[in-house]
Protein chains: 2
Amino acid sequence: MNSMLKNTQRAAIVDGVDEAFDQQIAFTQELIRHPSVRTREASAQDVMERALKERGFTIDRWQLDPAELSEHVGHGRINVSYEGMTNVVGTFQPAQHTGRSLILNGHIDVVPVGPREQWSRSPWDPHVEDGWLYGRGCGDMKAGLAGGLFAIDAIRAAGLEITAPLHFQSVVEEESTGNGTLAAIQRGYTAEAVLIPEPEENMLVRANVGVIWAKIRVGGKPTHPREMTSGFNAIDAAVAVVNQLRLLEAEWNAERGRHRHFEDLDHPINFNIGQIRGGDWPSSVPAWCEFDLRAALYPGTTADEAWEQIMRHLKIAEAALPVGDARVTAEKTGFYAEGYVLEEGSDAEHTLGEQHEKVFGSPLDSFTTPGYIDSRLFVLYSGLPTLVYGPRTEEIHGYDERTHLESLRKVTKTMALFIAEWCGVTQTS
Amino acid sequence: MNSMLKNTQRAAIVDGVDEAFDQQIAFTQELIRHPSVRTREASAQDVMERALKERGFTIDRWQLDPAELSEHVGHGRINVSYEGMTNVVGTFQPAQHTGRSLILNGHIDVVPVGPREQWSRSPWDPHVEDGWLYGRGCGDMKAGLAGGLFAIDAIRAAGLEITAPLHFQSVVEEESTGNGTLAAIQRGYTAEAVLIPEPEENMLVRANVGVIWAKIRVGGKPTHPREMTSGFNAIDAAVAVVNQLRLLEAEWNAERGRHRHFEDLDHPINFNIGQIRGGDWPSSVPAWCEFDLRAALYPGTTADEAWEQIMRHLKIAEAALPVGDARVTAEKTGFYAEGYVLEEGSDAEHTLGEQHEKVFGSPLDSFTTPGYIDSRLFVLYSGLPTLVYGPRTEEIHGYDERTHLESLRKVTKTMALFIAEWCGVTQTS
């Protein structure tokens, strides 16, 4: 498909991004000031709802329904109340529908900040320094969400309006289950392509691991330390269980040559022990220990298949524990997700690549990312070409998370041009 | 010294224990019903105060003073408020002081129960089954505390009264710092011998390790698991720190041949990791992890000397961590205690041995125990012969803690005879 935008239109759109870029940063900062960690996304969603309303989008805001979600094979296991946890979707319906419809999807939830004193400044008080915007969730992914809004603004500032339906989805639960995006799919939203502006280093995601979350519990018989050699130390046992899981991780990494797009990665499969808790008293041999496992799996492996292998290794670890009555159990606590591959050659990818090259002056690279993204839901369950593409960001999930502003500016330009090309435009002024 | 008790007096005292033994069990159960875990000892101390008052003891009850305690070299580090945390000492002053004075010391505090579902019945609802009394703190050490009271009752039931001052100390903080007994020493209490009826399998403690508590913190730089190989995993790092500490533990155990009374123990030095906490989110590489270390040390090693070696090993572990900005720090959180040896040949030990042999029909054995006891304070800082001796108990600090009732009956008889012999008696009826 050839470009439909005129050069003057293209230039006007790009100028529109530049002209509003300070406002765009300010709006991103406003979003970051809302600490939208899991279950506390409402006030940030209020901001998104208002922003979409102001742009003339029709608002659909609803609370996630655990019962409905649980019927879907791709749902993440729910261990919080969804009371008050809402998705916001703004829909633009063109007067004339001549272009191709689009879902612009991003998540509003962010991960916890960790020990506050490790941040140079407050994670909830975003600031700009040396060309970087700092704050929790700046890149993952409030800059992308805000960028989508300002991309649309730039099209309109150029005197244009898009000519296809656009669903702007601000979802919850991307950092824990994927159930926000899944709820939007279950609600019936679909389109001819999806764009998710996650922080991807100005690149396109070609393939992506699946992720499983589990809480592993080790329990046994406590004693006084004076009899420690006869007692069962659940913390020592948990370490042994982790070591057994590391063997499975190594086995899966060794198989990377058999998985398309993962052959060249050093260590595509990461098992992260993200939290650990155990014991009640320094001078009691600990009776229990539990830890949170985040395991990655290759596309083509179902969550059930991966789970079965993890269970097998937990059984091996349990059998090797020195005390007979020790038990190792596992509970699904969130992500239970397959990975996916974005097949090459789609019109959507081609269109994005063209716009990227015009903005950046270099071809759009794609890469394989070993972290969870909601795109798997659109690819696996809606069969949609789903473009995950976004700005350069450092310290995602870390301290002093920061997004590179010049990268964000260019990505916003690419997004604006992509939306205009994909959806088509008509001159309004 | 020859026995001063007549055979008829001895027989009457022993009968007195038997006759009141059901009441003794009932009173021990009452004590167990008060869940006197750290900072919540007050209601159990009320029971002890009332019991001592009823027996005509003069009551001294006072709140522990952190400032005064902290001036003593043997104090444990305080990380709770001592508001409302009291010692109870009942003092008996004889009309005629002709015998030898005695401190009868026991602790009212108990350790937490751990996961409740692991107990066959409630740890706070003591019951008797197959000759055992079950409940948290039954052996450690409410059976001993109650036994002291009923030993005195048995002497009086025999128509006798003791002829030397007796200080009956019900103290707090034995499970965390030793500051309860230390406060009693600082308050000026002393005597010619000390008896502590801890659960010691009908034996006398000959030697005892010191104990140090520390909280070890590991902190570093978190990242998203997709970049895990560049991030610092504080939980993995904590495991490496524990492994380094295990080297020190092994080194100290290998030296046991150089420590009198420890030569024949398999593993006298236990390092217990009693609690662990780390991380904030399953899909963030954990930025922090902290764990509680309980380390044992030989008598003759000061807490400062042991601490210095622990710090040296933490430095080694820190230097070996893969990320330059990782930090390993340690804080003293409780016990900071030397061990001790009870030198053989004291009159007190001889007297106890004679009574034990009369009751049990076999000589009093002594042994070395690798767990903390408050006796170290009397031995090291008051220079008193201190007899730690008490009933058979299983699952100390574990689930279904239980004390053997026939052992308790005999130990109570031994205690009653010991008190009568040591303090002397006069016929009152």
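Here are a few things to note about the model shown:
- Filtered residue count, region B:60-83, keeping only those that are part of a helix (DSSP H, G or I) and surrounded by fewer than 19 Cβ atoms within 10 Å (Cβ to Cβ): 4
- Which numbered condition residue A:220 fails, given (1) within 30 Å of residue A:321 (Cα to Cα); (2) in contact with a strand residue (DSSP E or B) (Cβ under 6 Å, 6 or more places away or on another chain): (2)
- Test: residue in region A:317-337 that is within 14 Å of chain B (Cβ to nearest Cβ), over 19 Å from the mean Cα position of the chain (by Cα), among the β-branched types (Val, Ile, Thr) and under 22 Å from residue A:242 (Cβ atoms): yes
- Candidate set: region B:297-337, residues that are hydrophobic (A, V, I, L, M, F, W, C) and assigned to a strand (DSSP E or B); chosen: the one surrounded by the most Cβ atoms within 10 Å (Cβ to Cβ): B:335
- Criterion: within 20 Å of residue B:92 (Cα to Cα), of a type outside the set (A, V, I, L, M) and surrounded by fewer than 24 Cβ atoms within 10 Å (Cβ to Cβ) - qualifying residue of B:129, B:161, B:201: B:161
- Of all residues in region A:389-429 being polar (S, T, N, Q) and not in a loop (DSSP other than H, G, I, E, B), the one that is nearest to the other protein chains (Cβ to nearest Cβ): A:393
- Of the residues making up region A:43-59, those that are exposed (fewer than 15 other Cβ atoms within 10 Å of the Cβ) and farther than 16 Å from residue A:187 by Cβ are A:43, A:46, A:50, A:53, A:54, A:55, A:56.
- The set of residues in region A:355-375 being away from chain B (no Cβ under 14 Å), touching a strand residue (DSSP E or B) at 6+ places or on another chain (Cβ under 9 Å) and of a type outside the set (Gly, Ala, Ser) consists of A:356, A:364, A:365.
- Scanning region A:265-301 for residues that are over 24 Å from residue B:232 (Cβ atoms) and in contact (Cβ under 8 Å) with a residue 12 or more places away in the chain turns up A:283, A:284, A:285, A:286, A:287, A:288, A:297, A:298, A:299, A:300, A:301.
- Selection from region A:280-291 of residues that are out of contact with any helix residue (DSSP H, G or I) (no Cβ under 7 Å at 6 or more places or on another chain) and crowded, with 24+ Cβ neighbours inside 10 Å: A:282, A:284
- Region B:373-385: number of residues that are among the β-branched types (Val, Ile, Thr) and part of a loop (DSSP other than H, G, I, E, B): 1
- Among the residues listed as A:352, A:377, A:342, A:387, the single one being modelled with pLDDT of 95 or more, more than 30 Å from residue A:29 (Cβ to Cβ) and buried (at least 20 other Cβ atoms within 10 Å of the Cβ): A:342
Results for (1) within 15 Å of the chain's Cα centre (by Cα); (2) closer than 22 Å to residue A:294 by Cα; (3) not in a strand (DSSP E or B), shown as yes or no for each residue.
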{"site": "A:353", "(1), (2), (3)": "no, no, yes"}
{"site": "A:358", "(1), (2), (3)": "no, no, yes"}
{"site": "A:362", "(1), (2), (3)": "no, no, yes"}
{"site": "A:371", "(1), (2), (3)": "yes, yes, yes"}
{"site": "A:387", "(1), (2), (3)": "yes, no, no"}
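- Residue check for residue A:294: among the basic types (Lys, Arg) and surrounded by fewer than 21 Cβ atoms within 10 Å (Cβ to Cβ): no
- Inside region B:244-282, residues that are over 20 Å from residue B:294 (Cα atoms) and either in a helix (DSSP H, G or I) or at the interface with chain A (Cβ under 7 Å from one of its Cβ atoms) (or both) make up a count of 6.
- Qualifying residue in region A:23-34 (condition: in a loop (DSSP other than H, G, I, E, B) and not aliphatic (A, V, I, L, M)): yes
- Any hit, region A:92-115, residues being farther than 24 Å from residue A:415 by Cα and surrounded by fewer than 21 Cβ atoms within 10 Å (Cβ to Cβ): yes
- Every listed requirement among (1) out of contact with any Ser or Thr (no Cβ under 6 Å at 6 or more places or on another chain); (2) touching a residue at least 60 places away in the same chain (Cβ under 8 Å) is met by residue B:253 save one, (2).
The values are calculated or read from the model by the stated rules, or taken from the named source; none is laboratory data. What you see is a predicted model, and the numbers here were worked out from it, not measured in a lab. When we count neighbours, we look across all protein chains shown, and the Cβ atoms used for this are built from the backbone with ideal geometry, even at glycine.
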